[in-house]
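Inspection log for the structure reproduced underneath, given as structure tokens.
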Amino acid sequence: MKKFEQYFGQWVVAKRWWILLATALLSASAIYGAQFLSFENNNRIFFSEDNPQLKAFEAMERTYAKNENIMFILAPANGEVFSPDTLAAIEYLTEQSWQIPFSSRVDSITNFQHSYAQDDDLVVEDMVSTALKLSESELASIRQTVLAEPLLVNRVIAPDATVTGVFITIEKQDKADDEAQLIAQFSRQLANEFRVRYPQIDLHLGGSVMFNTAFMEVSMEDMSTLVPLMYLVLLVVMACLLRSVTGTFATLVIISISMAGSLGLAGWAGIALSPPSVNSPTIVLTLAVAHCIHILVSLFMLMRDGKIKFEAIAESLRINLQPIVLTSVTTTIGFLSMNFSDAPPFRDLGNIVAMGSVVAMLLALFTLPALMAVLPVRVPKVRESGKNALMNQFGAFVVRRSRWLMYGVVVLVVGTTLGISKINLDDNFVKYFDERYEIRQVADFTQDNLTGLDAIEYSLSAGESAGINNPAYLEKIEEFANWYRAQPKVSHVNVITDIVKRLNKNLHNDDPAYHRIPQDRELAAQYMLMYEMSLPYGLDLNNQINIDKSATRMIVTLNQATSKELREIDALARQWLQENAPQHMFTYGASLSLMFAHISERNITQMLSGTILALVLISGILMIALRSVKVGLISLVPNLLPAAMAFGIWGHMIGEVGLTIAVVGSLTLGIIVDDTVHFLSKYLRARRELGLQSSDAIRYSFSSVGKALFVTTVVLVAGFGILALSGFKLNADTGLLTAIVIALALVTDFLLLPGLLMKIDRRMEKTAQHPVPATGELTMPAQA
């Protein structure tokens, strides 16, 4: 291995021009694949095909109708919906909304199918027609009717009549990738036209289609702002710490090719970008910088010690070859373990970064030295007393105070990890977007003033064809709906019995005493048939009743419920059905909200297996590569504690976390092991090759690699810290939590790991031939 390391560096320097040519050709081939990249802008991408909540939701949609929609939320400036001008505006918007591409249904208070008795006939018609011609008494009557209708209040109109909405059901054909963009573009144009036509009404545009479109738009914003910002931060950090124009330029070349190459390979692999995976270039960038810094710091240090450039490049490669390969392998394993995630976007993120990690390693070991060999390199001169003075002093301090530092870190670990118990898992797709985005502002306004955006849907079986007309069945689902209405956070329950009771009242001369479920099955069937035959096209009951009339759909709307509350109320609902309903009526709730409510728990379970496997593989590789089972086991301590400490700090300071917590463990495991590998590699080299005792080997490690570890940590923390500026919560939380983990990893490597190594090697120290100096500065050997 020693011979290979020595030969490798010399070979790279000798073949520098061929390496640069090969880099250009291979990079161009990889980057060419970027043209095949696509973007997924559907919130269902977070769920795998075998996700049980997704399967239940899709089964619900196949039975009834899809639930994708566009929402126009209207707030008149005068605070009154039931004015002629406002109702006329709603009429106009309702009519125009039918023109939205792929629209299949439009619901508003003006086209609500109001039923009433006229002699012996049942009349079903739009609630409002020609609003500008309505008299004061007619307006008052419409107001009274609408605000007494349970199908409308807290769903289509606010109880105080200050806000209302127009809801468009969308059924995309999924034949083209731009269908959502087409719908969003038309809806925005219609919204702008409405605002010009009716300036006295505030219009807010929302709905699931707009949320899906926002996924892509926020991701594109992240790419256009965060990546350039990261470049700027890197320029500043490297200029200050490396103080080399050539080194900074060469590093920028390496990270640019690494980023573009990873995206190109993703295109070749057919991976579609999504909000989580779109930030993979930033992660790849930070990994590539870390490799470059280790090589450049060693190179400049060796040149300051008197070596000529070519010799310094070869020696720097010799020193760093093994740790860079090891860290790249462990990083790749860590990110590949994200394939255990139940959320496909995080699998894609892991795979893209894994490919980028390999690309960055190859470029750092081949292209970077070749570039430095052909470019002019000027190393700033420093005073002899200033060479690594700070790290030498710090290393000596750690050796002297190793025991107390170990105890201090243990206290820190205990204090921070106690916060893990305070973590609350909460995934709300509305809150995935920062408040600075219009889609979040619309969602908050809707929830504060009109209705909730979380829903749980049930397909309640009657147990037989045409069984929905059975009075016993209707009574039971009415009882279930009333139970739900009494639960906290429930703002509306859409159930077929509200229509049945209204029809029964209508056909008894609108006598309020008959606002109840008819006790005759045939009578109920006749009422429903008369009503359905009177409904216009597009406003039928297919979204509530299945084809053979053996089941109905009940939709429960909740306002600002947490994921925990959604899971709990759904469990209570199942318990109620088990205890109070016939067996054939029992069912599981299904909805997008429930899918997100379960996503963290499901992913934590899945990722636990992946993290354990990655940890076993990484530990095994370190034991083999470092040729020490003991050292391999020691490496587990500084690699496991940072994540636990970071989660604890998060629990103390923030408390709420979502899907992020499921992936950060695997994501950071492969990264934070880098510092440990570099430190242990230098430590073992000092022990085995230089014959230094444990304390001297610790100081040697700080002297030779301490600065590089500090610089790479600063860069990594800066890189992931920039992700925390993302407007997408998953990316922001992942960036911030990962930055905390990486910072804590340096603390454990600098303050805890040395003490562990010295404690375990104490027996060897007693038999060592060379005594350990009590104090003093260690001079780095020329061949180190």
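The values are calculated or read from the model by the stated rules, or taken from the named source; none is laboratory data. These numbers come from a predicted model, not from an experiment. Every residue, glycine among them, receives a Cβ derived from its backbone with ideal geometry; neighbour counts consider all protein chains shown. Ligands, DNA and RNA are excluded from the accessible area calculation, which covers all protein heavy atoms including side chains. Shrake-Rupley method; radii C 1.70, N 1.55, O 1.52, S 1.80 Å.
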Segment 556-568, residues that are open to solvent by 10 Å² or more (accessible area, probe 1.4 Å), in contact (Cβ under 8 Å) with a residue 12 or more places away in the chain and over 21 Å from residue 496 (Cβ atoms): 559, 560, 562, 564, 565, 567
Among the residues of segment 651-661, write down those that are open to solvent by 10 Å² or more (accessible area, probe 1.4 Å) and either of a type in the set (Phe, Trp, Tyr) or not in a loop (DSSP other than H, G, I, E, B) (or both). 652, 653, 656, 661
Which of the following residues is more than 30 Å from residue 452 (Cα to Cα) and either surrounded by fewer than 22 Cβ atoms within 10 Å (Cβ to Cβ) or charged (D, E, K, R) (or both): 606, 578? 606
Right, residue 162: assigned to a loop (DSSP other than H, G, I, E, B), more than 22 Å from the chain's Cα centre (by Cα), farther than 30 Å from residue 372 by Cβ and among the polar types (S, T, N, Q) or not? yes
What number goes with the only condition from (1) open to solvent by 40 Å² or more (accessible area, probe 1.4 Å); (2) under 20 Å from residue 538 (Cβ atoms); (3) of a type in the set (A, V, I, L, M) that residue 132 does not pass? (2)
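Residue by residue, here is whether (1) more than 30 Å from residue 174 (Cα to Cα); (2) in contact with a Lys or Arg (Cβ under 9 Å, 6 or more places away or on another chain); (3) modelled with pLDDT under 95 holds:
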position: 59; (1), (2), (3): no, no, yes
position: 93; (1), (2), (3): no, no, no
position: 97; (1), (2), (3): no, no, no
position: 101; (1), (2), (3): no, yes, yes
Given the condition without any contact (Cβ under 8 Å) to a residue 12 or more places away in the chain, out of contact with any His (no Cβ under 7 Å at 6 or more places or on another chain), part of a helix (DSSP H, G or I) and farther than 21 Å from residue 269 by Cβ, answer yes or no: does some residue in segment 6-13 qualify? yes
Answer with yes or no whether residue 209 is in a helix (DSSP H, G or I), aliphatic (A, V, I, L, M) and surrounded by fewer than 13 Cβ atoms within 10 Å (Cβ to Cβ). no
Which residue is nearest to residue 118 (Cα to Cα), if the candidates are limited to segment 514-543 and must be open to solvent by 70 Å² or more (accessible area, probe 1.4 Å) and either part of a helix (DSSP H, G or I) or among the hydroxyl-bearing types (Ser, Thr, Tyr) (or both)? 530
Test of understanding: among 443, 455, which residue is open to solvent by less than 10 Å² (accessible area, probe 1.4 Å), out of contact with any Cys (no Cβ under 9 Å at 6 or more places or on another chain), at pLDDT 90 or above and closer than 25 Å to residue 568 by Cβ? 443
If you check residue 751 against the conditions, is it touching a residue at least 40 places away in the same chain (Cβ under 8 Å), of a type outside the set (Asp, Glu) and open to solvent by less than 30 Å² (accessible area, probe 1.4 Å)? no
What's the total number of residues in segment 43-69 that are over 23 Å from residue 104 (Cβ atoms) and open to solvent by less than 20 Å² (accessible area, probe 1.4 Å)? 4
Quick test for you: out of 666, 694, pick the one residue that is within 21 Å of the chain's Cα centre (by Cα) and at pLDDT below 85. 666
Contact list please: Cβ distance under 6 Å, first residue in segment 143-166 and under 13 Å from residue 87 (Cβ atoms), second residue polar (S, T, N, Q) and open to solvent by less than 50 Å² (accessible area, probe 1.4 Å), pairs at least six apart or on different chains. 157/164; 166/94; 166/97; 166/108
For the subset of segment 717-769 comprising residues that are hydroxyl-bearing (Ser, Thr, Tyr) and over 15 Å from residue 667 (Cα atoms), which member is modelled with the highest pLDDT? 748
Checking residue 681 against (1) polar (S, T, N, Q); (2) more than 43 Å from the chain's Cα centre (by Cα); (3) in a helix (DSSP H, G or I); (4) modelled with pLDDT under 85, which test does it fail? (2)
Residues that are crowded, with 18+ Cβ neighbours inside 10 Å and either among the acidic types (Asp, Glu) or within 33 Å of the chain's Cα centre (by Cα) (or both), drawn from segment 137-148: none
Out of the residues in segment 216-269 that are open to solvent by 60 Å² or more (accessible area, probe 1.4 Å) and small (Gly, Ala, Ser), which is nearest to residue 379 (Cα to Cα)? 224
Among helices (runs of 4 or more DSSP H) lying entirely in segment 357-452, which contain 3 or more residues that are over 30 Å from residue 637 (Cβ atoms)? 368-374, 438-449
Quick check on segment 73-88. Is at least one of its residues touching a residue at least 40 places away in the same chain (Cβ under 8 Å), in contact with a helix residue (DSSP H, G or I) (Cβ under 6 Å, 6 or more places away or on another chain) and open to solvent by 50 Å² or more (accessible area, probe 1.4 Å)? no
Is one or more of the residues making up segment 544-552 within 25 Å of residue 487 (Cα to Cα) and outside any strand (DSSP E or B)? yes
Name the single residue, out of those in segment 16-42 being in contact with a Phe, Trp or Tyr (Cβ under 9 Å, 6 or more places away or on another chain) and assigned to a loop (DSSP other than H, G, I, E, B), that is most open to solvent (accessible area, probe 1.4 Å). 40
Test for residue 163: is it modelled with pLDDT of 85 or more, open to solvent by 70 Å² or more (accessible area, probe 1.4 Å), over 30 Å from residue 304 (Cβ atoms) and among the β-branched types (Val, Ile, Thr): no
Residues (farther than 27 Å from residue 341 by Cα, open to solvent by 80 Å² or more (accessible area, probe 1.4 Å) and in a helix (DSSP H, G or I)) located in segment 614-640: 624, 629, 630
